[in-house]
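Here, each number is a calculation from the coordinates, and none is a lab measurement. Owing to the predicted nature of the structure, the values given are computational and were not obtained by experimental measurement.
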């Protein structure tokens with residue numbers, strides 16, 4: 001269970017210790033990111049030698065954080081205090097852009 005600023009997100013269909021009292025519906029948070037020219041060059045050089053490509057790790061970490069922030073905002077806008085069945089998806093849009101999507105079901109969960 002991930003709790004971000006008192007907002008709960010779980011990958012399961014329930015929140016342990018809570019009762020789902022209302023289902024608000026499908027929510028998502030999406031971002032598309034691209035590395036700048038300097039990051040592309042650095043990553044290209046690093047890829048020739050193998051190992052972790054830190055420029056892309058940072059880009060995807062920032063993308064994930066932004067997508068989570070957006071899905072929480074979407075859920076809060078429709079009156080939810082939690083998201084169940086949360087999932088991540090990621091795709092290349094081109095060789096220089098990556099999309100990250102977080103989605104799930106927004107609910108109101110009450111402590112049992």
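Observations on the structure shown:
- Debye log10 I(q)/I(0) for the stretch 53-104, one point scatterer per Cα, at q = 0.15, 0.21, 0.27 Å⁻¹: -0.46, -0.77, -1.04
- For residue 111 and residue 52, the difference between the fully extended length at 0.36 nm per residue and the C-alpha to C-alpha distance is 17.0 nm.
- Taking 0.36 nm per residue of sequence separation and removing the Cα-Cα distance, the residue 76/residue 5 pair yields an extension gain of 24.4 nm.
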